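Data block below; observations after.
Each value in this text was obtained by applying a stated rule to the coordinates, not by laboratory testing. Every value quoted in this text rests on a predicted model; they were computed, and no experiment measured them. Every residue, glycine as well, gets a Cβ built from its backbone with ideal geometry; the counts of neighbours run over all protein chains shown.
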Amino acid sequence: MVVALAVAVACVLTLATMGRATIFLVVAMLLCYALWVRRTEWPPVDTVLGVYALAVLVQCAHLVEEYLSGFYREFPAAFGVSPWSEKRFLTFNLVWLTIFVFAGVGLSRGRRAAYLVALFLAIGGGIGNGLGHLALSARVGGYFPGAYTGVLALLVGSILAYRLMRAANVSRPP
């Protein structure tokens, strides 16, 4: 119940602070929650923690690329809304990066809720983010802010999603 409330609050706050341009993140959060709530067992932490840490580092690099290339101005315009301010964009992303770091600690301690955050990082922050950047680049016929590290996010997010979703009783080969 607490996790469902946290997901609902995250969805509402995301839409309230960032607007409809973040609708795909909200959909990803809800999808991840639906996957997480139906699963009782998760793979051992040692099979996901390394790639999870890499995914967080890629998100840090991605934030830098997006900020320096003006993503916060270009992306909202693709949805017909006003650009985000630098402060709003950075605050939103730094809050998520903080959540990702704390979830990494939770993963290392075997906390079930941390697997939900890891799943969101994989699907929303990795796969969806990367595919979105590829689609936006195709739409403009060239580079769209964040596209370079978006491809890395797609790759690492796919690996993390695979590791998270494979059978819980599968352990790493010796």
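A compact table of results
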item: Residues satisfying the stated conditions in region 7-37, i.e. more than 19 Å from E74 (Cα to Cα) and in contact (Cβ under 8 Å) with a residue 40 or more places away in the chain; result: V7, A28, M29, L31, C32, Y33, L35, W36
item: Any hit, region 89-105, residues being hydroxyl-bearing (S, T, Y), out of contact with any strand residue (DSSP E or B) (no Cβ under 9 Å at 6 or more places or on another chain) and within 14 Å of Q59 (Cβ to Cβ); result: yes
